[in-house]
1. Would you point out the residue of region 35-57, among those that are among the β-branched types (Val, Ile, Thr) and either modelled with pLDDT under 95 or in contact with a strand residue (DSSP E or B) (Cβ under 6 Å, 6 or more places away or on another chain) (or both), that is least open to solvent (accessible area, probe 1.4 Å)?
2. Which condition number in (1) more than 17 Å from Gly193 (Cβ to Cβ); (2) open to solvent by 30 Å² or more (accessible area, probe 1.4 Å); (3) within 13 Å of the chain's Cα centre (by Cα) is the one that Ala318 fails?
3. What is the one condition in (1) assigned to a loop (DSSP other than H, G, I, E, B); (2) farther than 22 Å from Val200 by Cβ; (3) modelled with pLDDT of 95 or more that Thr73 does not satisfy?
4. If we scan region 63-74, do we find a residue that is open to solvent by 30 Å² or more (accessible area, probe 1.4 Å) and out of contact with any Asp or Glu (no Cβ under 7 Å at 6 or more places or on another chain)?
5. Which residues, counting only those in region 321-362, are surrounded by fewer than 13 Cβ atoms within 10 Å (Cβ to Cβ) and assigned to a helix (DSSP H, G or I)?
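The values are calculated or read from the model by the stated rules, or taken from the named source; none is laboratory data. Values in this document were obtained by computation on a predicted structure and should not be read as measured data. When we count neighbours, we look across all protein chains shown, and the Cβ atoms used for this are built from the backbone with ideal geometry, even at glycine. Side chains are part of the model used for accessible areas, which takes the heavy atoms of the whole protein and leaves out ligands, DNA and RNA. Shrake-Rupley method; radii C 1.70, N 1.55, O 1.52, S 1.80 Å.
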Amino acid sequence: MKVNLQDNRVAKAAMTTLAGAVLAACGGGSSNPTNDLPAGITPVSATAYPATTVGAGDTAATQDLLTGGIGKTGLGLATAPTYANPASPTAAELRRNALYSNYRGILDGSANGGYGTLYGPNVTTAGTVTASEGLIPGREYVAVLDDGSGRKKTVIAVQVPDTFNQAKPCVVLGASSGSRGVYGAIGTAGEWGLKHGCAVALTDAGKGVGLYDMMDDTVHKIDGTRATRTAAGALSFFAASITDTARLAYNALFPNRLALKQVHSQMNPEKDWGNDTLAAGRYALFVLNDRYGTAANPVPFTRENTIVIAGSASNGGAASLRAAEQDTTGLIDGVVASEPVAEMPTASGYGIQLGGAAVSGYGKTLADYTTYGNIYQPCAALAAGAAMAEASIFNYITLTGMTARATARCDGLAAKGLVSG
């Protein structure tokens with residue numbers, strides 16, 4: 001894919017110039033603009049990751065934006081980097097390993113899969129394979145977006161590479177795919193954006209693990225480290241909405257239970273995917289202006305003169321599409337959505353036909369689709385039309401005990417009148 005950033009910048013610059021000329025002709029004008037922090041966003045940290053050579057990546061000083069300091073070679077290894085103290089990893093170690101796992105979770109890290117030749121940190125934007133480890137130094141600005149409840153805590157990480165070109169500003173919005181954390185789009189949108197000298201605005205879109213331990217009242221902090229809910233304070237990523245009295249009573253009945261943010265927060269993060277992605281873009285412009293603005297020109301970067309592309313895969317692709325649909329200010333210039341989860345959470349305004357016949361039962365949320373799949377797929381897998389070769393890696397139904405369980409599911413559904421035949 002080739003994106004012509006220059007043509008879009010010229011068009012945006014022309015529109016900005018025209019708007020200024022109209023205001024001047026009308027005698028209009030206003031005081032100098034100010035770089036205001038977007039509503040709901042609280043900055044957490046700003047860290048330089050200056051590494052240009054491969055290292056252990058166990059400290060911020062030995063890390064970069066893309067690979068966590070381990071480079072193309074480290075990302076290509078089947079084994080993740082180790083922790084000095086596995087029982088208590090540091091924030092820097094956790095960031096490094098999060099970059100490693102999220103990159104490999106989306107891209108094939110094997111040579112036979114094309115890593116290092118068709119794609120990877122060492123492959124240039126022109127497709128040239130180099131001997132470089134592909135480290136990209138720069139700064140990373142982490143913030144959280146909240147709705148005033150103190151519970152939403154969507155994480156945003158804006159990465160500004162040292163190669164960012166102020167004369168040709170661009171921002172890539174990378175919402176996480178699947179249920180991944182803030183670095184979920186690092187191997188897709190992140191790598192493309194950083195290599196092209198763009199700022200990259202990553203967001204978990206309200207997802208991520210956010211594991212809360214009911215037994216000892218410990219949480220994940222925004223930086224990935226663990227602490228008690230009290231010690232974590234405002235930096236707590238997620239804790240169940242429960243009093244200590246209720247928690248202790250629950251533990252007595254159901255010990256050793258965990259709560260996960262995306263499942264148990266009662267926030268329904270899916271509904272906010274689009275707005276969370278837009279918020280990441282607004283924060284990226286704030287970060288760029290805060291870093292490069294001057295007293296004479298405090299807001300050098302705006303939606304009018306900065307190219308903004310929303311791009312990701314799967315759930316992140318859905319977030320990108322929703323962001324474009326909900327963008328009422330003209331922030332986003334283009335969308336690149338790979339295999340987006342594009343279910344429509346309503347049945348109004350459109351229809352679906354299959355083989356000329358109208359289809360019913362559509363217009364459900366992702367949670368509903370998943371629930372229906374969990375209920376019916378074991379039974380559907382037994383249908384003759386779904387038969388697979390024994391050797392297929394997707395043929396789980398032939399595993400020991402699976403056929404019997406699937407048959408039991410079919411029998412149970414039939415007894416309830418939910419399937420026939």
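1. Among those residues, the one meeting the criterion is Ile41.
2. (2)
3. The one condition Thr73 does not meet is (1).
4. no
5. Hit for region 321-362 is Glu325, nothing else.
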